[in-house]
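Contents: one structure, followed by commentary.
The values are calculated or read from the model by the stated rules, or taken from the named source; none is laboratory data. Worth saying up front: this structure is predicted, and the values here are computed from it rather than measured. Cβ atoms come from the backbone with ideal geometry, glycine included; neighbour counts cover every protein chain shown. Note: accessible area is taken over every heavy atom of the protein model, side chains too, but ligands, DNA and RNA are not part of it. Shrake-Rupley method; radii C 1.70, N 1.55, O 1.52, S 1.80 Å.
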Amino acid sequence: MKILWVKAGGLVPPDTGGKIRSYNILRELGRQHSVTFFSFYAAHDGDLHPALKNIFDQAICVPLNLPAPKGAAEMFGYGIRLFCSEPYGISKYCRPQVHRRLRALLKQETYDVILCDFVSAAGVIPWDSPIPKVLFTHNVEATIWRRHYEFATNPIWKAISLLEWRKMKAAELRYLRLADRVLTVSETDRDAFSAFVDPAKITVIPTGVDVNYFHPIPLQESQSSLVFTGSMDWLPNEDAILYFVDAILPLVKPQCPDVSLEVVGRSPSRKLQALAKSEKSVRLTGWVEDIRPFIARGSICIVPLRIGGGTRLKIFEAMAMSKAVVSTSIGAEGLPVQAGENILLADTPQEFADSVISLLGDARERQRLGSAARTLVHENYSWPKVAENFARTLQDVISHHKQPAKSR
């Protein structure tokens, strides 16, 4: 196959869930198929994207002059797009120069399929092209914005979340209907989209994990230690830690006074930095080169997410390392896990605290959960298996398209 993969926001370093998923699938596809990777993202120093030409047939990079996240310039940019029909998550990336560059490429090359990675890239996809088009959704983006709106306390952020929720819901619906095939990463997301489009055009591609990289490490667990991993500049992760420290940790401490929480991930916000100064049992690492030792040393991996969508790679990574995981149902949403068998799920502060307390006092149960978790992901969810399923789905789209593009 000759694949054109279009992605907003960049791919490397693969330091977020979506980037990790896309990078690993793309890397596997590139070993057997012709892949052109086309990406547009915020310009930055030390850009690693040009090196992708060593992995793919072509790597076309379009750095954009975008404002720093959460700064005054971004708020100004949001303001001038306030009345744009597209949500900000699409309009900030899909600039005229990106349109021109992509259309110039399509005049030079012929592809069997165009892959739109995340709905954020959908604004530049030539939906009227005869080439079959696939929309790869890692989340139900409108659901994330709805949950932001529901949990927001700041009135300005609540208003922004409401507006983005409405815009994103309309945009997702529009692009779902334009795509020849929609890929989701969970049955939960598939069910959500099935209310708007024919379920027959939706295919679930389960998420994966690098089971050779994430494996059990023989390091001594730190007693009464909890660990959370994730990009801390992603608002659902920030909310998860604020929620845990405010509502759950006070319930754990009376039974486990030595409990500690290590939050491993890049760019913790000012709120989190202030929290760590006031709550001495919480430590923020910031960016680390290798998260595996931190996971290995933790007694329990926690995922107290209240906001989010798609699937949580952090859970599969911990499971691959044979670690016991306590998560909310939203945190594990869309993952093929079984509560009590290979994970513990808890949706109220008291239930979450009780699960943490119980596991901290029972090393044998932690080991049992971790072993069952490792077996699940090792046998079913390695990246080569996921990519094989992905390629088979793309081939099916091409073969069923009325006018499939011919490879050059």
Suppose we keep only residues that are at pLDDT below 95 and of a type in the set (A, V, I, L, M, F, W, C) within region 218-239. Which one would you say is nearest to PHE136 (Cα to Cα)?
TRP234
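Among PRO293, PRO304, PRO268, PRO257, which is the only one that is more than 20 Å from ASP347 (Cα to Cα) and surrounded by 18 or more Cβ atoms within 10 Å (Cβ to Cβ)? Reasoning before the result, please.
On the way: PRO293 fails: surrounded by 18 or more Cβ atoms within 10 Å (Cβ to Cβ); PRO304 fails: more than 20 Å from ASP347 (Cα to Cα); PRO257 fails: surrounded by 18 or more Cβ atoms within 10 Å (Cβ to Cβ).
Exactly one of PRO293, PRO304, PRO268, PRO257 is more than 20 Å from ASP347 (Cα to Cα) and surrounded by 18 or more Cβ atoms within 10 Å (Cβ to Cβ), namely PRO268.
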Is it the case that VAL337 is farther than 24 Å from GLN223 by Cβ, under 21 Å from the mean Cα position of the chain (by Cα) and in a helix (DSSP H, G or I)?
no
Selection status of PRO268, under 29 Å from TYR23 (Cβ atoms) and not basic (Lys, Arg):
yes
Note on PRO126: of the conditions (1) in contact with a strand residue (DSSP E or B) (Cβ under 6 Å, 6 or more places away or on another chain); (2) open to solvent by less than 30 Å² (accessible area, probe 1.4 Å), unmet is (1)
Which count do you get for residues in region 184-217 that are touching a strand residue (DSSP E or B) at 6+ places or on another chain (Cβ under 9 Å), touching a residue at least 24 places away in the same chain (Cβ under 8 Å), under 22 Å from SER329 (Cα atoms) and buried (at least 17 other Cβ atoms within 10 Å of the Cβ)?
9
Among the residues of region 164-199, what is the count of those that are modelled with pLDDT of 95 or more and of a type in the set (Gly, Ala, Ser)?
4
From (1) farther than 25 Å from LYS19 by Cα; (2) in contact (Cβ under 8 Å) with a residue 12 or more places away in the chain; (3) out of contact with any Leu (no Cβ under 8 Å at 6 or more places or on another chain), pick out the condition that doesn't hold for ARG364.
(2)
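Scan region 23-57 for residues that are under 24 Å from LYS70 (Cβ atoms) and either out of contact with any Gly (no Cβ under 7 Å at 6 or more places or on another chain) or not in a strand (DSSP E or B) (or both) and jot them down. Working first, answer last.
In the first step, residues of region 23-57 are kept if they are under 24 Å from LYS70 (Cβ atoms); the result is 39-49.
Within region 23-57, PHE40, ALA42, ALA43, HIS44, ASP45, GLY46, ASP47, LEU48, HIS49 meet the criteria.
Looking only at region 210-265, how many residues end up being part of a loop (DSSP other than H, G, I, E, B) and either more than 21 Å from the chain's Cα centre (by Cα) or closer than 18 Å to ALA318 by Cβ (or both)?
27
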Does at least one position in region 313-328 carry a residue that is aromatic (Phe, Trp, Tyr), under 26 Å from ASP117 (Cα atoms) and either touching a strand residue (DSSP E or B) at 6+ places or on another chain (Cβ under 7 Å) or in a loop (DSSP other than H, G, I, E, B) (or both)?
yes
Does any residue of region 334-344 turn out to be touching a residue at least 60 places away in the same chain (Cβ under 8 Å) and either within 30 Å of SER129 (Cα to Cα) or in contact with a Gly (Cβ under 8 Å, 6 or more places away or on another chain) (or both)?
yes
